[in-house]
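The values are calculated or read from the model by the stated rules, or taken from the named source; none is laboratory data. Every value quoted in this text rests on a predicted model; they were computed, and no experiment measured them. No Cβ is skipped: glycine too gets one built from the backbone with ideal geometry, and neighbour counts run over all protein chains shown. The protein model used for the area step is the full one, side chains on, heavy atoms only, and it has no ligands, DNA or RNA in it. Shrake-Rupley method; radii C 1.70, N 1.55, O 1.52, S 1.80 Å.
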Amino acid sequence: MSSRAARWVRVGLPPVLAAFIAIVAWEAWVAVREVPAYLVPAPSAIVRAFTADPARYALAARTSMVEALGGLLLGSGAAFVLAVAMAHSRPLERALYPLALLVKVTPVVAVAPLFIIWFGFGTLPKMLVAALITFFPMLVNAVTGLRSVDPAAHDFMRTLHATPLQVFRMLRLPASLPYVFAALRISVPLCIIGAVVAEWMAGDGGIGQVILIANGDLDTAALFAAVVVLASMAIGLTALLALLERRLLFWHESSERV
Amino acid sequence: MPVTTAPALVVRGLVHRYEGEAGGLLALDGAELRLAAGEFVSIVGPSGCGKSTLLRAGAGLIATSPGTVEVLGGTASQACAAHVLGLVSQDPGLLPWRTVEANVALPLELTGGPPRGTLGGIAEAARALVQRVGLERFAAAYPHQLSGGMRQRVALARALVHRPRLLLMDEPFGALDELSREELCLELLSLWEQQRASVLFVTHSIREAVLLSDRVLVMSASPGHMVDEVPIDLPRPRTLAAQEAPSFAAYVHRIRAALGAPSTSTAHSTGDPA
Ligand SMILES: Nc1ncnc2c1ncn2[C@@H]1O[C@H](COP(=O)(O)OP(=O)(O)O)[C@@H](O)[C@H]1O
Ligand SMILES: [Mg+2]
């Protein structure tokens, strides 16, 4: 128990201390140099902007979170299903890989307006933008992961006449998990970016809209507050993911590090 | 069971070519092999002479032609479907997300239940084998928590839990230190005395082959074929003391000569022909 507390102090204290020092320095710099608030607001001003209407930020964060998470599930889920097919068939992989690459190189900012034209102003077009941006990392990682089976284990299962479904369930799927988590770690910040970019185009809710309005008002403190909320969302999701990963991948060598 | 009298493995005129540039590589050219029911046969030969290829053909893992592979009177894939094969490779090939016991239970999950004639279910049968290889204290451990020798013990238990009739072993102890090797050899012998499966054992250690086998086949490279066959007439059950017998040294000497290696009179080397 105490060694665990000691670990928290050792791992958690340095970044907290660094952040604290940076915030104090920032506050001091703004005060001493009298930097105008519309250029760089002091940390205290950002906190005040947030506490003036926390419900507004919370509501916007919830909207963005639903879009981002929905997109993540949709995009990663579709990519994983496609990866299962591609991992089992080289011809299918060769046929679909260029199309997947096309999805990857298409800038989201270019397709977001299209999605809004096609699907209106609701949650759906934003989810789709978030889905699109998370699709490729999962596809590439999952195909690699599903193929990363231990040949000796695979041979053993083959000598016992294991069906493709058994090989998938008992060997490929668990073997792919480290790669799936690697993809999710990349995708968590991406899906938030996707949702916010889509909100800029449609501007009817979410943190993206808060940023748009704050920008129009030259309310830099509110803008900063929105950015902090976004960052907190990404950090929270990443932490949740790390927790899940430690649970599920205790057997994998990557969990030995830290 | 009438099939018991069928030879465990018969290989005739086996040719295998690996695809590649310049016509590929001829790994086996007319390999012959006959393994009687209940027999323990080792294959020794220099690295790259086609031992693994031969064993994989016997397990139905690669298609070969021309030539025939007959496992317990049927084809290799029929043998796989009948769940009568046990495989141990040089890499243990355990599932890292499964405990020792769950790894050993894998064949029973694939075959749909514990072997006939045993009491209890899959878990009991797996636990019995885990105990049999001396790992009961590690039944709930994961592979990454075990030493190399212990992992290979798990692989051995997993290969035997469904009571296969033919056990195929490809340099199973090759990556282990001398002490673990001897220990596992004895373990294997005692399991074999008990289960009486036929064993095809590939190794590059001459002494290991002599200690374990009824017969040692000597293989030569490019392309792979048999060059000698040495029946080992040492009393069973064997212990490490068998290595002290004068005939043991003579067997080692003869096999080394067949391999074409410089024939030193020191019978105490580990006998690696490479
Ligand atoms: N998958 C493969 N593709 C091409 N060549 C191979 C392959 N596997 C083995 N070989 C070659 O075939 C020969 C025999 O290999 P192998 O049966 O593994 O020999 P051994 O087990 O006796 O060391 C070697 O020359 C090896 O390089
Ligand atoms: Mg080999």
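Which helices (runs of 4 or more DSSP H) does the range A:45-158 wholly contain that include 2 or more residues that are among the charged types (D, E, K, R) and over 20 Å from A:Gly236 (Cα atoms)? Show your work before the answer.
On the way: elements: A:54-88, A:90-105, A:108-119, A:124-147.
Of the helices (runs of 4 or more DSSP H) lying wholly inside the range A:45-158, those with at least 2 residues that are among the charged types (D, E, K, R) and over 20 Å from A:Gly236 (Cα atoms) span A:90-105, A:124-147.
Is it fair to say B:Val104 is more than 16 Å from ligand 1 (Cβ to nearest atom), in contact (Cβ under 8 Å) with a residue 24 or more places away in the chain, out of contact with any Ser or Thr (no Cβ under 8 Å at 6 or more places or on another chain) and open to solvent by less than 50 Å² (accessible area, probe 1.4 Å)? Quick ask: steps written out before the conclusion?
Working: more than 16 Å from ligand 1 (Cβ to nearest atom): yes; in contact (Cβ under 8 Å) with a residue 24 or more places away in the chain: yes; out of contact with any Ser or Thr (no Cβ under 8 Å at 6 or more places or on another chain): yes; open to solvent by less than 50 Å² (accessible area, probe 1.4 Å): yes.
Yes: the conditions hold for B:Val104.
Exactly one condition in (1) crowded, with 18+ Cβ neighbours inside 10 Å; (2) without any contact (Cβ under 8 Å) to a residue 12 or more places away in the chain is false for B:Gln145; which is it?
Of (1) crowded, with 18+ Cβ neighbours inside 10 Å; (2) without any contact (Cβ under 8 Å) to a residue 12 or more places away in the chain, only one is false for B:Gln145: (1).
From the residues in the range B:76-91 that are part of a loop (DSSP other than H, G, I, E, B) and at the interface with chain A (Cβ under 7 Å from one of its Cβ atoms), which one is least open to solvent (accessible area, probe 1.4 Å)?
Start the filter on the range B:76-91 by keeping residues that are part of a loop (DSSP other than H, G, I, E, B), which leaves B:82-84, B:89-91.
Now drop any that are not at the interface with chain A (Cβ under 7 Å from one of its Cβ atoms), which leaves B:83, B:89, B:91.
On the way: B:His83: 48, B:Ser89: 26, B:Asp91: 96 Å².
Checked the range B:76-91; the qualifying residue least open to solvent (accessible area, probe 1.4 Å) is B:Ser89.
Can you list residue pairs whose Cβ atoms sit under 6 Å apart, with the first residue in the range B:30-50 being at positive phi and the second being more than 15 Å from ligand 1 (Cβ to nearest atom)? Count only pairs 6 or more apart in sequence or on different chains.
Sorted first by the residue in the range B:30-50, then by its partner, the pairs are B:Gly30/B:Gly13; B:Gly38/B:Arg196; B:Gly38/B:Ser198.
With the requirement that a residue be among the acidic types (Asp, Glu) and open to solvent by 20 Å² or more (accessible area, probe 1.4 Å), what does the range A:183-214 give you?
Taking the range A:183-214 as the starting set, the residues that turn out to be among the acidic types (Asp, Glu) are A:199, A:204.
Selection gives A:Asp204 alone.
Name, by its number, the condition in (1) touching a Cys at 6+ places or on another chain (Cβ under 7 Å); (2) over 20 Å from A:Gly206 (Cβ atoms) that does not hold for A:Ala68.
(2)
With the requirement that a residue be over 17 Å from B:Gln195 (Cα atoms), out of contact with any helix residue (DSSP H, G or I) (no Cβ under 8 Å at 6 or more places or on another chain) and not in a loop (DSSP other than H, G, I, E, B), what does the range B:106-156 give you?
Answer for the range B:106-156, where residues must be over 17 Å from B:Gln195 (Cα atoms), out of contact with any helix residue (DSSP H, G or I) (no Cβ under 8 Å at 6 or more places or on another chain) and not in a loop (DSSP other than H, G, I, E, B): B:Thr111, B:Glu124, B:Arg137.
Only one of these is in a helix (DSSP H, G or I) and within 9 Å of another protein chain (Cβ to nearest Cβ): A:Leu165, A:Leu171, A:Leu190, A:Leu184. Name it. Talk me through it step by step, then tell me what you get.
Values: A:Leu165 fails: within 9 Å of another protein chain (Cβ to nearest Cβ); A:Leu190 fails: within 9 Å of another protein chain (Cβ to nearest Cβ); A:Leu184 fails: within 9 Å of another protein chain (Cβ to nearest Cβ).
Among A:Leu165, A:Leu171, A:Leu190, A:Leu184, only A:Leu171 is in a helix (DSSP H, G or I) and within 9 Å of another protein chain (Cβ to nearest Cβ).
When the residues of the range B:109-126 are narrowed to those that are surrounded by 18 or more Cβ atoms within 10 Å (Cβ to Cβ) and more than 10 Å from chain A (Cβ to nearest Cβ), which ends up modelled with the lowest pLDDT?
Ranking the candidates gives B:Pro114 first.
Just to be sure before I move on: is B:Gly148 over 16 Å from the mean Cα position of the chain (by Cα), under 26 Å from B:Thr53 (Cβ atoms) and more than 12 Å from every other protein chain (Cβ to nearest Cβ) in the structure I sent?
Details: over 16 Å from the mean Cα position of the chain (by Cα): yes; under 26 Å from B:Thr53 (Cβ atoms): yes; more than 12 Å from every other protein chain (Cβ to nearest Cβ): yes.
So B:Gly148 fits the description; yes.
Does the range B:198-243 hold any residues that are acidic (Asp, Glu) and within 20 Å of B:Glu187 (Cβ to Cβ), and which are they?
As a first pass, look at the range B:198-243 and keep what is acidic (Asp, Glu): B:208, B:214, B:228-229, B:233.
Scanning the range B:198-243 gives B:Glu208, B:Asp214.
Counting only residues that are within 16 Å of ligand 2 (Cβ to nearest atom), over 15 Å from the mean Cα position of the chain (by Cα) and open to solvent by 50 Å² or more (accessible area, probe 1.4 Å), how many does the range B:27-75 have?
Matching residues across the range B:27-75 total 2.
Considering only residues that are in a loop (DSSP other than H, G, I, E, B), more than 14 Å from chain A (Cβ to nearest Cβ) and within 12 Å of ligand 1 (Cβ to nearest atom), which ones fall in the range B:24-63? Please lay out each step first, then the result.
Let us first name the residues in the range B:24-63 that are in a loop (DSSP other than H, G, I, E, B), namely B:24, B:36-39, B:45-50, B:59-63.
Add one more test, that the residue is more than 14 Å from chain A (Cβ to nearest Cβ), and what stays is B:24, B:36-39, B:45-50.
The answer is B:Gly24, B:Gly45, B:Pro46, B:Ser47, B:Gly48, B:Cys49, B:Gly50.
Please tell me if B:Arg137 is exposed (fewer than 14 other Cβ atoms within 10 Å of the Cβ), modelled with pLDDT of 95 or more and more than 14 Å from every other protein chain (Cβ to nearest Cβ). Give the steps one after another, and end with the answer.
Values: exposed (fewer than 14 other Cβ atoms within 10 Å of the Cβ): yes; modelled with pLDDT of 95 or more: yes; more than 14 Å from every other protein chain (Cβ to nearest Cβ): yes.
Yes.
Considering A:Ala68, A:Ala85, which residue is away from chain B (no Cβ under 14 Å) and open to solvent by 20 Å² or more (accessible area, probe 1.4 Å)? Spell out the reasoning first.
Working: A:Ala68 fails: open to solvent by 20 Å² or more (accessible area, probe 1.4 Å).
The conditions single out A:Ala85.
Which of (1) more than 19 Å from A:Leu72 (Cα to Cα); (2) within 14 Å of another protein chain (Cβ to nearest Cβ) is the odd one out, the single condition A:Ile117 does not satisfy?
(2)
Is it true that B:Ala159 is facing chain A (nearest Cβ under 10 Å) and among the hydrophobic types (A, V, I, L, M, F, W, C)?
Values: facing chain A (nearest Cβ under 10 Å): yes; among the hydrophobic types (A, V, I, L, M, F, W, C): yes.
Yes.
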